[in-house]
Amino acid sequence: MAKEKKTAITIDEKEYFYEDLTQEQQTIVNHISDLQRKIQSSEFNLQQLSFGKDAFVKALKETLVDE
């Protein structure tokens, strides 16, 4: 019989195995993981938006200098 590999998660420096959690706990862990991905994606999008805004401000300043 093949040994199952369990997914370890660490909370407050204590290790738990996802597969040993209750269904409710697994759902909460899934929400946390999804929110972490969304936060990272939002931060990435914010960087792009800020860079784009800065580029347009720079472009506007350059056109105003030429007047």
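The values are calculated or read from the model by the stated rules, or taken from the named source; none is laboratory data. What you see is a predicted model; the values in this text were computed from it and never measured. Using ideal geometry, Cβ is built from the backbone for each residue, glycine included, and neighbour counts are taken over all protein chains shown.
List every residue pair whose Cβ atoms lie under 8 Å apart, where the two residues are 6 or more positions apart in sequence or sit on different chains, the first residue falls within region 8-21 and is over 13 Å from Ser33 (Cβ atoms) and in contact (Cβ under 8 Å) with a residue 12 or more places away in the chain, and the second residue, located anywhere, is surrounded by fewer than 10 Cβ atoms within 10 Å (Cβ to Cβ) and not hydrophobic (A, V, I, L, M, F, W, C). Between residues of region 8-21 that are over 13 Å from Ser33 (Cβ atoms) and in contact (Cβ under 8 Å) with a residue 12 or more places away in the chain and residues that are surrounded by fewer than 10 Cβ atoms within 10 Å (Cβ to Cβ) and not hydrophobic (A, V, I, L, M, F, W, C), the close pairs are Glu19/Glu4. Taking (1) of a type in the set (Asp, Glu); (2) exposed (fewer than 10 other Cβ atoms within 10 Å of the Cβ); (3) more than 24 Å from the chain's Cα centre (by Cα); (4) at pLDDT 95 or above in turn, Glu62 satisfies each apart from (4).
Selection of region 33-56 for residues being under 10 Å from the mean Cα position of the chain (by Cα) and of a type outside the set (Gly, Ala, Ser) yields Asp34, Leu35, Gln36, Arg37, Lys38, Ile39, Gln40, Glu43, Phe44.
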